[in-house]
1. Ala109 passes all but one of (1) in contact with a Pro (Cβ under 6 Å, 6 or more places away or on another chain); (2) under 19 Å from Arg32 (Cα atoms); which number fails?
2. Quick one: in segment 1-35, of everything that is surrounded by 14 or more Cβ atoms within 10 Å (Cβ to Cβ) and of a type in the set (S, T, N, Q), which residue is modelled with the highest pLDDT?
3. For segment 159-187: of the residues being touching a helix residue (DSSP H, G or I) at 6+ places or on another chain (Cβ under 8 Å) and over 15 Å from Met106 (Cβ atoms), which is modelled with the highest pLDDT?
4. If I filter segment 26-36 for residues that are polar (S, T, N, Q), under 15 Å from Glu89 (Cβ atoms) and touching a Gly at 6+ places or on another chain (Cβ under 8 Å), do I get at least one hit?
5. Got a number for residues in segment 50-74 being over 19 Å from Ala170 (Cβ atoms) and either in contact with an Asp or Glu (Cβ under 9 Å, 6 or more places away or on another chain) or surrounded by 15 or more Cβ atoms within 10 Å (Cβ to Cβ) (or both)?
6. Going residue by residue through segment 125-140, is there one that turns out to be within 23 Å of Tyr45 (Cβ to Cβ), surrounded by 18 or more Cβ atoms within 10 Å (Cβ to Cβ), aliphatic (A, V, I, L, M) and in contact with a Gly (Cβ under 7 Å, 6 or more places away or on another chain)?
7. Of all the residues that make up segment 47-76, how many are of a type outside the set (A, V, I, L, M, F, W, C) and part of a strand (DSSP E or B)?
Amino acid sequence: MSHTPIRRLRAFDLPKIRKHFQRLDPDTLRLRFHRGIKPSVVQAYADHIFDHGGHFYGAFVGNHLRGLAEMRPADGSTRHTHEVALTVESGFQDHGIGSDLLSRLMTVARNRGIRSLQLSCLSDNERMVHLARHHDAHLSFEYGQFTAELTPAPGTYLSVAQELAGETRAYANLLADVATHPGRLVRLGGFAHR
């Protein structure tokens, strides 16, 4: 467990999301998108990340987005199956951020009645395979990639409270950061505050 603040990402976080993708090294991008990818394609992906719905969570170190978790309805599936993707910047890998992000997605999924999370990764993505196993995923291997299926438990009052507590803690950290750095301009809820 990393104790890195994790909160839901919203449209006002788009500049941080763009910068996060720009800081990802070529190998991390290859592992995320399952192939080598041009910076312009990555930038277009980041620019339109919110266009097709889903749930997005970020892990913050200071005021910088260092890890990103995405959860969207799987193509052609019911609302009960979602696909998951994670990215953590190379200097912040192996510190529990990916595990914390996946744990948050599991909590969010269970609180929304999502019954299955699917995660796919290339066969050489040892970190993601380890992460899937750590979260008791059912793994299958085909055509050079692993597919992991995670089954969130049904939501409870406690899981809702855990999700709310995590969001509250992350926003408290954000506000504390703004208070200690009053010159920073932060956009909250579409309004600019100093």
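The values are calculated or read from the model by the stated rules, or taken from the named source; none is laboratory data. Note that the structure is a prediction, hence the values are computed from the model and not measured. Cβ sites come from the backbone with ideal geometry, for glycine too, and all protein chains shown count toward neighbours.
1. Only one criterion is unmet by Ala109, namely (2).
2. Thr28
3. Taking segment 159-187 and keeping what is touching a helix residue (DSSP H, G or I) at 6+ places or on another chain (Cβ under 8 Å), we get 159-160, 162-163, 166, 184, 186-187.
Still in the list and also over 15 Å from Met106 (Cβ atoms): 184, 186-187.
Numbers: Arg184: 56, Val186: 49, Arg187: 49.
Only one residue tops the list, namely Arg184.
4. Step one: filter segment 26-36 for residues polar (S, T, N, Q), giving 28.
So of that shortlist, the ones also under 15 Å from Glu89 (Cβ atoms) come out as 28.
If we keep only those that are touching a Gly at 6+ places or on another chain (Cβ under 8 Å) too, we end up with none.
Within segment 26-36, none of the residues are polar (S, T, N, Q), under 15 Å from Glu89 (Cβ atoms) and touching a Gly at 6+ places or on another chain (Cβ under 8 Å).
5. We begin by selecting, within segment 50-74, every residue over 19 Å from Ala170 (Cβ atoms); these are 51-53, 72-74.
The next check asks that each one be either in contact with an Asp or Glu (Cβ under 9 Å, 6 or more places away or on another chain) or surrounded by 15 or more Cβ atoms within 10 Å (Cβ to Cβ) (or both); those that pass are 72-74.
Summing the residues that are over 19 Å from Ala170 (Cβ atoms) and either in contact with an Asp or Glu (Cβ under 9 Å, 6 or more places away or on another chain) or surrounded by 15 or more Cβ atoms within 10 Å (Cβ to Cβ) (or both) in segment 50-74 gives 3.
6. Taking every residue of segment 125-140 in turn, at least one turns out to be within 23 Å of Tyr45 (Cβ to Cβ), surrounded by 18 or more Cβ atoms within 10 Å (Cβ to Cβ), aliphatic (A, V, I, L, M) and in contact with a Gly (Cβ under 7 Å, 6 or more places away or on another chain).
7. Taking segment 47-76 and keeping what is of a type outside the set (A, V, I, L, M, F, W, C), we get 47-48, 51-55, 57-58, 62-64, 66-67, 70, 72-73, 75-76.
Now restrict to residues that are part of a strand (DSSP E or B): 55, 57-58, 64, 66-67, 70, 72-73.
Residues meeting the conditions: 9.
Yes/no matrix, rows are residues, columns are (1) touching a Phe, Trp or Tyr at 6+ places or on another chain (Cβ under 8 Å); (2) not hydrophobic (A, V, I, L, M, F, W, C):
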position: Asn125; (1), (2): yes, yes
position: Arg133; (1), (2): no, yes
position: His138; (1), (2): no, yes
position: Gln162; (1), (2): no, yes
position: Gly166; (1), (2): no, yes
position: Arg169; (1), (2): no, yes
position: Asn173; (1), (2): yes, yes
position: Ala179; (1), (2): no, no
